[in-house]
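The values are calculated or read from the model by the stated rules, or taken from the named source; none is laboratory data. Only a predicted model underlies this, so the values are computations on that prediction, with no experimental measurement involved. Reconstructed Cβ throughout: ideal geometry from the backbone, glycine too, with neighbour counts over all protein chains shown. The protein model used for the area step is the full one, side chains on, heavy atoms only, and it has no ligands, DNA or RNA in it. Shrake-Rupley method; radii C 1.70, N 1.55, O 1.52, S 1.80 Å.
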Amino acid sequence: MWRSRKRGAAVFGFKRKTGEIDAQLTIVANSLANNYKDAARDGLKEARRLFEALEGELPERERKRISRQIDGFQEQMKGYSHYNHIGW
């Protein structure tokens, strides 16, 4: 199947941008699952920073998906400190 270079470049560029955010969200999910509070907090901060930097370049569907994930993690981490244990 033939594809224009211009279209293909946009698709791969889009995947690379969301891939960085998705990688940070995976770090957050794994850190929460293993009760690594500092790593979860740092990963969420980095994911939020990347999302805000790339927000205008992402399609609406991806913006909503990533925003829901970040908001969900923030809600889950509300009151998250070294004194409470999540998942035990």
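Within region 51-75, restricting attention to residues that are more than 12 Å from the chain's Cα centre (by Cα) and among the aliphatic types (A, V, I, L, M), the residue that is most open to solvent (accessible area, probe 1.4 Å) is Ala53. If Ser81 satisfies all but one of (1) at pLDDT below 85; (2) among the polar types (S, T, N, Q); (3) surrounded by 15 or more Cβ atoms within 10 Å (Cβ to Cβ), what's the number of the condition it fails? With respect to (1) at pLDDT below 85; (2) among the polar types (S, T, N, Q); (3) surrounded by 15 or more Cβ atoms within 10 Å (Cβ to Cβ), Ser81 is out only on (3).
When we screen Ile86, Ile70 for residues that are of a type in the set (Val, Ile, Thr) and modelled with pLDDT of 95 or more, the only hit is Ile70.
Could you say which residue among Ala33, Ala40 is at pLDDT 70 or above, among the small types (Gly, Ala, Ser) and loosely packed, with under 12 Cβ neighbours inside 10 Å?
Residue meeting the stated conditions: Ala33.
Which residues, taken from region 23-46, are without any contact (Cβ under 8 Å) to a residue 24 or more places away in the chain and either in a helix (DSSP H, G or I) or touching a strand residue (DSSP E or B) at 6+ places or on another chain (Cβ under 9 Å) (or both)? Hits for region 23-46 are Ala23, Thr26, Ile27, Asn30, Ser31, Asp38, Ala39, Asp42, Gly43, Lys45, Glu46.
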